[in-house]
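Okay, so here's the structure we're looking at.
The values are calculated or read from the model by the stated rules, or taken from the named source; none is laboratory data. None of the values given here were measured: they were computed from a predicted structure. Quick reminder, even Gly has a Cβ in these numbers, built from the backbone with ideal geometry, and neighbours come from all protein chains shown. Remember, those area values only see protein heavy atoms, side chains included, never the ligands or the DNA or RNA. Shrake-Rupley method; radii C 1.70, N 1.55, O 1.52, S 1.80 Å.
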Amino acid sequence: MLNCRDTNEITREFLDSILVEQRLIGSDLPDTSIEIFSKKFQTPIMNAAFSHVQGMQPEAESAAAEMGAGIRAAGALNLWGMCEDDEFPKIAAKDPDTIRIIKPYENEDKIYAQIECAKAAGAIAVGMDIDHAFNRNGEYDVVNGEEMRPKTFEQLHDYIEAAGDLPFVIKGVLSTFDARESVRAGAAAIIVSTHHGILESAVPPLEVLPDIAEEVGGEAVIFADGCMDSGMDVFKALALGADAVSVSRHILQNFTRDGAEGVTRRLNEMTGELRSVMARTGCHNLREINSSLLWM
Ligand SMILES: Cc1cc2nc3c(=O)[nH]c(=O)nc-3n(C[C@H](O)[C@H](O)[C@H](O)COP(=O)(O)O)c2cc1C
């Protein structure tokens, strides 16, 4: 499209424009552990909702389950995206601390069936990427032959009711409007995301994050994704209001090359990088990371 900019480029530029202040006196090695949905994790870094990884690890019976094993070994929370009901239990069996993100299917029965499947498989939460309704030609999107549709407040509210005790996560929030509506509908968490640039010239997730965090006011967990390629990027996201972050394309190359082990290694390295920035900015734990440490 004419005069549009690549959202990933804008996001990268914004991230790199943020600088960090050093604070050493009284500092020490930090604790990066975090509790999400009553479960403890060693790191606030998790994978972003993935799908379509079949073939990236041809040896594995289920490439998705293989990746889940790598994420679990890093003590991280697993997020999984589009998959069918025969595959999700295999993923959850390798890593029960998995959130299932369901597509915004036109087929409502399929959505409710996938919510039930997530419950039965012992997922720790379920959710929907509401940003996948449209394609770039101004039509409803079709993914793997499945029609997608935008969702109303009432529909989201009904999914959340159907999930019952299972926390519901709304992915693809990029405005205070959608953040407010998500919380009002009963979402336990939101993911501030551009879905790797689904809307061109979109505001970077981290630029809108402080306003979203203020709007949410602690009523939902906030995850952020988009070009989270290092522990430094993660630190900036946490300082601007995220509770945890998701990494997607950056760990795919490690997965393709070295399977689960590659995923574990890179997540561990990123947590080490985060620990290093925290130590040099006087943050003893994740709660102490805040925007006063950033120079915008
Ligand atoms: C191969 C691949 C598959 C993805 N599948 C899904 C999906 O099924 N559901 C979803 O919500 N997001 C999906 N995403 C988007 C990611 O969850 C994430 O929002 C996006 O890639 C931005 O993070 P990044 O900049 O770290 O790549 C996928 C991304 C990739 C690269």
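Going by the structure shown, is Ala69 outside any loop (DSSP other than H, G, I, E, B), within 12 Å of the ligand (Cβ to nearest atom) and at pLDDT below 95?
no
Might you check whether a residue that is touching a helix residue (DSSP H, G or I) at 6+ places or on another chain (Cβ under 7 Å) and farther than 24 Å from Leu206 by Cα occurs anywhere in the range 42-52?
Looking through the range 42-52, none of the residues is touching a helix residue (DSSP H, G or I) at 6+ places or on another chain (Cβ under 7 Å) and farther than 24 Å from Leu206 by Cα.
For the range 92-106, what are the residues that are of a type outside the set (Asp, Glu), farther than 12 Å from Ala64 by Cα and open to solvent by 10 Å² or more (accessible area, probe 1.4 Å)?
The answer is Pro96, Lys103.
Taking the condition at pLDDT 95 or above, within 14 Å of the ligand (Cβ to nearest atom) and open to solvent by less than 10 Å² (accessible area, probe 1.4 Å), does Thr43 pass?
Here the answer is no, as Thr43 does not meet what is asked.
Going residue by residue through the range 272-284, is there one that turns out to be in contact with a Pro (Cβ under 8 Å, 6 or more places away or on another chain), closer than 30 Å to Ala64 by Cα, within 16 Å of the ligand (Cβ to nearest atom) and not in a helix (DSSP H, G or I)?
no
Any chance you could count how many residues in the range 207-263 are within 10 Å of the ligand (Cβ to nearest atom), of a type in the set (A, V, I, L, M) and without any contact (Cβ under 8 Å) to a residue 40 or more places away in the chain?
Of the residues in the range 207-263, 1 are within 10 Å of the ligand (Cβ to nearest atom), of a type in the set (A, V, I, L, M) and without any contact (Cβ under 8 Å) to a residue 40 or more places away in the chain.
Just checking, which of Ala133, Ala125, Ala163, Ala189 is over 25 Å from Ile36 (Cα atoms) and either touching a residue at least 24 places away in the same chain (Cβ under 8 Å) or among the polar types (S, T, N, Q) (or both)?
None of the other options fit; the residue is Ala133.
Taking the range 107-131, which residues are in a loop (DSSP other than H, G, I, E, B) and either open to solvent by less than 10 Å² (accessible area, probe 1.4 Å) or not polar (S, T, N, Q) (or both)?
Ala121, Gly122, Ala123, Ile124
Considering only the range 1-18, state which residues are closer than 12 Å to Lys236 by Cβ, in contact with a Leu (Cβ under 7 Å, 6 or more places away or on another chain) and not in a loop (DSSP other than H, G, I, E, B).
Phe14, Leu15 - these are the residues of the range 1-18 that are closer than 12 Å to Lys236 by Cβ, in contact with a Leu (Cβ under 7 Å, 6 or more places away or on another chain) and not in a loop (DSSP other than H, G, I, E, B).
I'm checking my understanding of the structure. Among residues of the range 240-256 that are part of a helix (DSSP H, G or I) and open to solvent by less than 10 Å² (accessible area, probe 1.4 Å), which one is farthest from Met67 (Cα to Cα)?
This residue is Ile251.
State which residue is modelled with the highest pLDDT when the search covers only the range 151-202 and only residues that are open to solvent by 50 Å² or more (accessible area, probe 1.4 Å), within 27 Å of Asn137 (Cβ to Cβ) and part of a loop (DSSP other than H, G, I, E, B).
Step by step, filter the range 151-202, then rank; the result is Thr152.
Please verify whether Met228 is over 24 Å from Arg287 (Cβ atoms) and either in contact with a strand residue (DSSP E or B) (Cβ under 7 Å, 6 or more places away or on another chain) or not charged (D, E, K, R) (or both), treating the condition exactly as stated.
It is false that Met228 is over 24 Å from Arg287 (Cβ atoms) and either in contact with a strand residue (DSSP E or B) (Cβ under 7 Å, 6 or more places away or on another chain) or not charged (D, E, K, R) (or both).
Of the conditions (1) closer than 30 Å to Phe134 by Cα; (2) assigned to a loop (DSSP other than H, G, I, E, B), Ala60 clears all except one; give me its number.
In the conditions (1) closer than 30 Å to Phe134 by Cα; (2) assigned to a loop (DSSP other than H, G, I, E, B), Ala60 misses (1) alone.
Among the numbered conditions (1) within 15 Å of the ligand (Cβ to nearest atom); (2) open to solvent by 20 Å² or more (accessible area, probe 1.4 Å), tell me where Pro58 comes up short.
So Pro58 meets the others, but not (1).
List the residue pairs whose Cβ atoms are under 8 Å apart, where the first residue sits in the range 1-20 and is under 13 Å from Asp229 (Cα atoms), the second is open to solvent by 90 Å² or more (accessible area, probe 1.4 Å), and the two are 6 or more positions apart or on different chains.
Asn8/His196
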